[in-house]
Amino acid sequence: MLLCEDQEVFRLGLRAVFEAQPDIAVVAETADLAEVLAAADGPGSRVVVVRQSLVGSAALPVLRELCQRGVGVLVLAEANGGSRTSLMDVLQCGVRGFLPRRAAAQRLVEAVRALARQEPALDAAVTSQLVRHLTGEVPRPTAVARALDRLTERQREVAELVAQGLSNEEIAGRLFLSSATVKSHLTAVMRRLDVRTRTQLAILVNRDHAPAA
């Protein structure tokens, strides 16, 4: 994996967290997202972790290029927003990872592993923020609720845990199911709700739980 962080102390802390894991290695570090493209050509570059404040509008093409190469990108959000680049802009580039910069170490590790498996890692609060951003452009919550009501109780449980950013393995552990069973439920949910990605499903579920305007 690659680290893109301009604060040395925080970068060293992230490196220590990730390299304490037997299955994760930091192969390069940079303080500039533009330098990541060259570094991403090397081996072991399946995931890039980048601080949100380093993702300005000029860096969006870099994010898009990384995602097109199949690299998983984890953006670490600042507590105060940190960047004028909107969450929607970042997700439209293909980014599947978005967590608070101060997230627990284990959550960051799980997110990197999920992205390496080509699975999303979205914080529930981040998903809710996206829902609020889209409020005026989507069907009203009552219509969405009817869609979710078409799911079985188990399917709703799986959908809600996906919306919380859990991977299939984490959902399996939470519900005492096999990963294959979780995958089967998830496939049925996405087909029934006519969504194609976990991100779209998370938006749908969180919008259903959002208070009506």
Report task. Express in whole angstrom the spacing between the alpha-carbon centres of segment 85-115 and segment 1-49. Result -> 14 Å
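Take peptides 113-123, 176-186 and line them up by average Cβ neighbours within 10 Å, highest first, as a rough protection proxy.
Values: 113-123: 19.6, 176-186: 15.5.
My ranking of the peptides, most packed first, is 113-123, 176-186.
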Query raised in the report: Counting only residues 5 or more places away or on other chains, whose amide H sits under 5 Å from the amide H of Val47 once H atoms are built in the peptide plane?
Result: Leu2, Gly72
**Report entry** Added length on full extension, which subtracts the Cα-Cα distance from 0.36 nm per residue, Ala34 to Thr152
**Finding:** 37.9 nm
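Computed from the coordinates by the stated procedures, all read-outs in this text should not be read as laboratory data. If you're wondering where the values come from, they're calculated on a predicted model, not measured in any experiment. Note that each Cβ is placed from the backbone with ideal geometry, even for glycine, and that neighbours are counted across all protein chains shown.
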